[in-house]
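This report refers to the structure that appears directly beneath it.
A short reminder: the numbers here are calculations on the coordinates, not readings from a lab. Remember, predicted model here, so these are calculated numbers, not experimental data. When we count neighbours, we look across all protein chains shown, and the Cβ atoms used for this are built from the backbone with ideal geometry, even at glycine.
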Amino acid sequence: MAKRSSGGPGGARPVPASVSRREVLRGLSAASLLAAAASGSAVARALAPSRTGPRVVVVGAGAFGAFSALSLLRRGARVTLLDAWGPGNSRASSGGETRVIRGVYGADRIYVEMVARAFDLWRDNERRWKRTLYHRTGAIWLVTGPDDYIRAAMPLLSERGFPFEELTTAEARRRWPQIDYEGVRWVFREERAGYLLARQACAAAVEGFRSEGGEYRETPAEPGPLRGGALSGLRLPDGSALAADAYVFACGPWLPKIFPDLMGGTIQPTRQEVFFFGTPSGDARFSEGMMPVWVDFGPRLFYGIPGNEGRGFKVADDSRGSPFDPTGGDRIASADGLRAAREFLGRRFPAMKGAPLTESRVCQYENTVDHRFILDRHPGAANAWIAGGGSGHGFKMGPAVGERVADLVLGRAPVDPFFALSRLSKTPSGAGRPGSTEAFS
Ligand SMILES: Cc1cc2nc3c(=O)[nH]c(=O)nc-3n(C[C@H](O)[C@H](O)[C@H](O)COP(=O)(O)OP(=O)(O)OC[C@H]3O[C@@H](n4cnc5c(N)ncnc54)[C@H](O)[C@@H]3O)c2cc1C
């Protein structure tokens, strides 16, 4: 499992050659003023005389950006949220129908705590918005390989009150006879796990953000020049500029394009294919109610979500695919990917053998080398923040990430070294285990 890095919140960070030390210090004092603004001090009032908080622009309305904007707004900031193509659009990593939510995160306590918080916030937002986004189907892990990842998670799940059970294959067969347990050693079931409606949740978050007073605009934006250790503003396609006290870049797989020098090597978007197969007519065994979220937990990790809203039985391969361009990349699923999914489906779910493909999607993971998120300040701009690196497992965390980002921007919390950018410069290239289970959805 990935180890926590020893970097630190205020730790020395590389600064681009074009930004002098004095400029950075000047920028940092601007950030301190911003923090003061959030805490309501005298200096802050001079900065934000209307007492409505600092102005923040969030770029990107996927799971990370939409919930960051919402959290900033709820903490008193005046927030503008921008997205080039809209919340949960088909190019975004947050696009598509569904995402798994689960508490199993090996020995990584920080993620288990974030999932616990995310569960609370999903529920809270569902109540506010009067809609269901989280479906509690439970999740079963069909263990065919090493199980240390799950075993390491158990004490953390218990601490956090996530119910789970260990089942023999015989017990599991009685409950889900539609599964072929060939090669399965035992089955782990997490009760609170389930799935989230992805695209709909992003749209709901932006709707909620607007109804609470946030401004949303559908436009691309790019960072302007750095001046005095701070970002001078954003450039919009019509040639206009947009200025604020602070900026959050939550641009998912586009972050390397936005900051090529800083992020070029730190986030690698990979092509990921998802397939939906038609279930037999009148047969509810593969739909929600009779089928939980499932994970085939072996050397090659397949996972899936039972049919939701008549969409079919979702099957995806978690192995990291080839490098992918999120803007222009071809989104037609490959024949090889389909063959592998069909072969797996027919073997593990015999009644689905030969089922028709009803839909396919090509999405992208935005991987960091250790599969951890990046939630940090831009090292050359005291007023700019980066939230990304979801690495195939970020969606569920959206609301919890949003709170963390808001606290960072408003100076209420330091950067957690676990999510610091500086750790990535210390990680030898090629480390981490693409395709491994350590960062599964
Ligand atoms: C196939 C697949 C399955 C997954 N399964 C799971 C799962 O089961 N569980 C889970 O928790 N996670 C899962 N993930 C991961 C999760 O979906 C992502 O980590 C998460 O959605 C990333 O959100 P984001 O906001 O960082 O990025 P995005 O959703 O990509 O959002 C970035 C946004 O920025 C906008 N943007 C980019 N550039 C600009 C610009 N210059 N100006 C304005 N806007 C811009 C884009 O339009 C986009 O909307 C999965 C991902 C994929 C692809």
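A compact table of results
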read-out	value
Sole exception among (1) away from the ligand (no atom under 12 Å from the Cβ); (2) over 23 Å from ARG404 (Cα atoms); (3) buried (at least 18 other Cβ atoms within 10 Å of the Cβ) for GLY239, by number	(3)
Scan of segment 155-202 for residues that are surrounded by 15 or more Cβ atoms within 10 Å (Cβ to Cβ), under 19 Å from ILE110 (Cα atoms) and not aromatic (Phe, Trp, Tyr), ordered by number	LEU156, LEU157, ARG160, GLU190, ARG192, ALA193
Helices (runs of 4 or more DSSP H) completely within segment 101-203 that count 1 or more residues being under 21 Å from VAL401 (Cβ atoms) and not small (Gly, Ala, Ser)	109-129, 148-159
Sole exception among (1) in contact (Cβ under 8 Å) with a residue 40 or more places away in the chain; (2) touching a strand residue (DSSP E or B) at 6+ places or on another chain (Cβ under 6 Å) for PHE259, by number	(2)
Selected residue [part of a loop (DSSP other than H, G, I, E, B) and farther than 21 Å from THR327 by Cβ] from GLY310, GLY304	GLY310
Failed item in (1) over 22 Å from VAL293 (Cβ atoms); (2) within 14 Å of the ligand (Cβ to nearest atom); (3) surrounded by fewer than 24 Cβ atoms within 10 Å (Cβ to Cβ), with ASP370 passing the rest	(2)
Filter result for VAL206 (under 25 Å from the mean Cα position of the chain (by Cα), among the β-branched types (Val, Ile, Thr) and within 27 Å of ARG311 (Cβ to Cβ))	yes
Residue, nearest to the ligand (Cβ to nearest atom), within segment 390-409, restricted to residues that are of a type in the set (Gly, Ala, Ser) and under 17 Å from VAL56 (Cβ atoms)	GLY402
Those residues of segment 342-362 which are surrounded by 20 or more Cβ atoms within 10 Å (Cβ to Cβ) and within 19 Å of VAL295 (Cα to Cα), in sequence order	LEU345, ARG348, PHE349, MET352
Those residues of segment 63-103 which are farther than 28 Å from TYR149 by Cα, aliphatic (A, V, I, L, M) and near the ligand (Cβ under 6 Å from one of its atoms), in sequence order	LEU82, ALA84, ALA92
Test: residue in segment 314-329 that is surrounded by 24 or more Cβ atoms within 10 Å (Cβ to Cβ), away from the ligand (no atom under 12 Å from the Cβ) and not in a loop (DSSP other than H, G, I, E, B)	no
